[in-house]
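Worksheet: the structure to be examined is printed underneath.
Where a number appears in this text, it was derived from the coordinates with a stated rule and is not lab data. Computed from a predicted model, the values in this text were never measured in an experiment. Here the Cβ is made from the backbone with ideal geometry for all residues, glycine too, and neighbour counts use every protein chain on show.
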Amino acid sequence: MREIDKVAWIRIEDGRVLSTRSRGKDVWYLPGGKREAGETDLETLAREITEELGVAIEPGSAAHVGTFTAQAHGHATGTLVRMTCYAADYRGTLRPASEIEELAWLGYADRHRVSPVDQVIFDHFRSTGVLR
């Protein structure tokens, strides 16, 4: 069994979570990405969010909100993704950059539009009353 190690940013405002769609994709993902060799979670988070959304994560505000595992979207059965998620404040103006074509604030009704691991995360935040 193969596992993909990713770090994601959880940004929830007004009961909706910030999500991104990459060029050529029809599924939405939480912003973030794969760790590079030797990176810590927060280094990965800061790098990926700057690359994808053009903003700077405030490292001192970062808080681990959970680690979630599910079948990796678009990969062979048995390939799992482990998503380590952090909430954090940021500086700058959110904008799609790099491979990101668009960003949106999704509610629980959009659950069917996101990847399997993001669906698990949506369920978690719905159960806590944070996501509407």
Hey, any hits in segment 100-113 for a residue that's of a type in the set (Lys, Arg), exposed (fewer than 14 other Cβ atoms within 10 Å of the Cβ), free of Cβ contacts under 8 Å to residues at least 60 places away in the same chain and touching a helix residue (DSSP H, G or I) at 6+ places or on another chain (Cβ under 7 Å)?
-> no
Test: residue in segment 70-86 that is farther than 24 Å from Glu3 by Cβ and under 14 Å from the mean Cα position of the chain (by Cα) | no
Could you check Ile49 against (1) without any contact (Cβ under 8 Å) to a residue 12 or more places away in the chain; (2) in contact with a Pro (Cβ under 7 Å, 6 or more places away or on another chain); (3) β-branched (Val, Ile, Thr) and say which number it fails?
-> (1)
Of the residues that make up segment 11-23, is at least one surrounded by 20 or more Cβ atoms within 10 Å (Cβ to Cβ), under 15 Å from the mean Cα position of the chain (by Cα) and basic (Lys, Arg)?
-> yes
Mind listing whichever residues of segment 43-58 are out of contact with any Asp or Glu (no Cβ under 7 Å at 6 or more places or on another chain) and assigned to a loop (DSSP other than H, G, I, E, B)?
-> Gly54, Val55
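Out of the strands (runs of 3 or more DSSP E) lying entirely within segment 1-42, which hold 1 or more residues that are touching a residue at least 24 places away in the same chain (Cβ under 8 Å) and aromatic (Phe, Trp, Tyr)? Walk me through it before giving the result.
Values: elements: 2-10, 16-22, 32-34.
Filter on segment 1-42 gives 2-10.
Quickly run through segment 24-34 and pick out the residues that are buried (at least 18 other Cβ atoms within 10 Å of the Cβ) and either among the hydrophobic types (A, V, I, L, M, F, W, C) or farther than 12 Å from Val81 by Cβ (or both). Give the steps one after another, and end with the answer.
At the first step, the residues of segment 24-34 found to be buried (at least 18 other Cβ atoms within 10 Å of the Cβ) are 28-33.
If the condition is that a residue be buried (at least 18 other Cβ atoms within 10 Å of the Cβ) and either among the hydrophobic types (A, V, I, L, M, F, W, C) or farther than 12 Å from Val81 by Cβ (or both), then Trp28, Leu30, Pro31 are the ones that fit.
Can you tell me which residues in segment 116-127 are over 18 Å from Tyr86 (Cβ atoms) and either under 14 Å from the mean Cα position of the chain (by Cα) or not polar (S, T, N, Q) (or both)?
In the first step, residues of segment 116-127 are kept if they are over 18 Å from Tyr86 (Cβ atoms); the result is 116, 119, 123, 126-127.
Pro116, Gln119, Asp123, Arg126 - these are the residues of segment 116-127 that are over 18 Å from Tyr86 (Cβ atoms) and either under 14 Å from the mean Cα position of the chain (by Cα) or not polar (S, T, N, Q) (or both).
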